[in-house]
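First comes the structure, then the notes that go with it.
The values are calculated or read from the model by the stated rules, or taken from the named source; none is laboratory data. Predicted model, so just to flag it, every value in this text is computed and none were measured. Please note: Cβ atoms are built from the backbone with ideal geometry, for glycine as well, and neighbour counts cover all protein chains shown.
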Amino acid sequence: MPASRKTRGRPDAGSHPGPVSAPVSAPNSAPVEESPKDEAPVESRPHTEGKRAKVAAARRRRQHGTAYRWIVAYLPIMALLFALLGAVWIYTGFINPPPPTPAQQWTKIENKWSPVREKDRAAIAADTLDFVKQQADYTDFNTQTKGWLDAVTAVKDWGVGASSVSSFLDDGKQYLLVLQQVEAAKTPYDVIALTTTLTQWDTQFTTDVAQIETDLNLPATSPVPSGLALPSVNPTPTPTPGPSGSAAPTGSPGASPSPGVSPVPSPGTVASPTSSPS
């Protein structure tokens, strides 16, 4: 039927539009993305970055100011602390240092006297053909040995090495008596007569030194010194005329010690008491 006939006679014909249907989207069409409402416009970003830079600069200034205030506040205290530490170091190191330990005392004494004794020992070995020069070397050796004993005696506290030091001093006194007899000898044969005793006490001196080093936990002396050299003499002494005109050997190995010097017992021997007459 024609449209004119359908609407004919209706007063509202053509005044109301028909129902409007919603647009139908294509089945494979992508949704339209909407821009976020809170995103800042492009033209406002430089302003935001500048504001952040100002905040960071202000924060750095505050940090620098805080560090400066700490330095200014605590610098005098630190200076005073270092001054006190320096004063303590000077006092304990130079003005009133702590006493040395027994090991330090022994090392100092041994380093002073041992080299000069060994130098004299070498000189004694080099002068075996010259009795006069060898006697002078023995005199120097005796002097250096006595200096060592005197230095050890001057120290009052030897700690764990006290017992060994006491034995060293006792044996050293006997050793000095033997060296005095050698020094007072008139002939090479007088020195040879003391060979056994001299060798024993010289060896005992070296043994006592090694024991003290062990007790004080010190490194052992190396190498061990050689024995004391003796004068070089003929196997048979030259006979000289005696008071009655008969030939008598002088300075034989069995000769008695020089006058004025008491005989020295060998290490480990004990003199028996003299019995009183009944």
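Starting from residues that are assigned to a loop (DSSP other than H, G, I, E, B) and more than 45 Å from the chain's Cα centre (by Cα), keep the ones in region 180-189 and report whichever is surrounded by the most Cβ atoms within 10 Å (Cβ to Cβ).
ALA185
Looking at TYR74, TYR91, can you tell me which residue is over 34 Å from the mean Cα position of the chain (by Cα), of a type in the set (Phe, Trp, Tyr) and part of a helix (DSSP H, G or I)? Break it down into steps so the answer makes sense when it comes.
Details: TYR91 fails: over 34 Å from the mean Cα position of the chain (by Cα).
Checking each option against the conditions leaves just TYR74.
Under the condition of being at pLDDT 85 or above and within 26 Å of PRO219 (Cβ to Cβ), which residue from region 76-103 is surrounded by the fewest Cβ atoms within 10 Å (Cβ to Cβ)?
Restricting to residues being at pLDDT 85 or above and within 26 Å of PRO219 (Cβ to Cβ), the top hit is PRO99.
Sort out which residues of region 146-181 are more than 18 Å from SER114 (Cα to Cα) and among the acidic types (Asp, Glu), and write them in order of number.
Within region 146-181, ASP157, ASP170 meet the criteria.
Go through the residues of region 120-139 one by one and say whether even a single one is surrounded by fewer than 16 Cβ atoms within 10 Å (Cβ to Cβ) and either outside the structural domain of LEU177 (by TED's automatic domain parsing) or within 31 Å of the chain's Cα centre (by Cα) (or both).
Checking region 120-139: not a single residue is surrounded by fewer than 16 Cβ atoms within 10 Å (Cβ to Cβ) and either outside the structural domain of LEU177 (by TED's automatic domain parsing) or within 31 Å of the chain's Cα centre (by Cα) (or both).
Sort out which residues of region 190-221 are touching a residue at least 60 places away in the same chain (Cβ under 8 Å) and not in a helix (DSSP H, G or I), and write them in order of number.
ALA193, LEU194, LEU216, ASN217, LEU218, THR221
When the residues of region 168-189 are narrowed to those that are in contact with a Phe, Trp or Tyr (Cβ under 9 Å, 6 or more places away or on another chain) and touching a residue at least 60 places away in the same chain (Cβ under 8 Å), which ends up nearest to ARG121 (Cα to Cα)?
Among those residues, the one meeting the criterion is VAL178.
Go through (1) modelled with pLDDT of 95 or more; (2) within 30 Å of ALA103 (Cβ to Cβ); (3) part of a loop (DSSP other than H, G, I, E, B) one by one and return the number of the condition ALA229 breaks.
Looking at each condition in turn, ALA229 falls short on (2).
Could you list, ordered by first residue, the pairs with Cβ atoms under 6 Å in which the first is in region 155-167 and on the phi < 0 side of the Ramachandran plot and the second is of a type in the set (Phe, Trp, Tyr) and outside any helix (DSSP H, G or I), at least 6 apart or interchain?
Between residues of region 155-167 that are on the phi < 0 side of the Ramachandran plot and residues that are of a type in the set (Phe, Trp, Tyr) and outside any helix (DSSP H, G or I), the close pairs are VAL165/TRP158.
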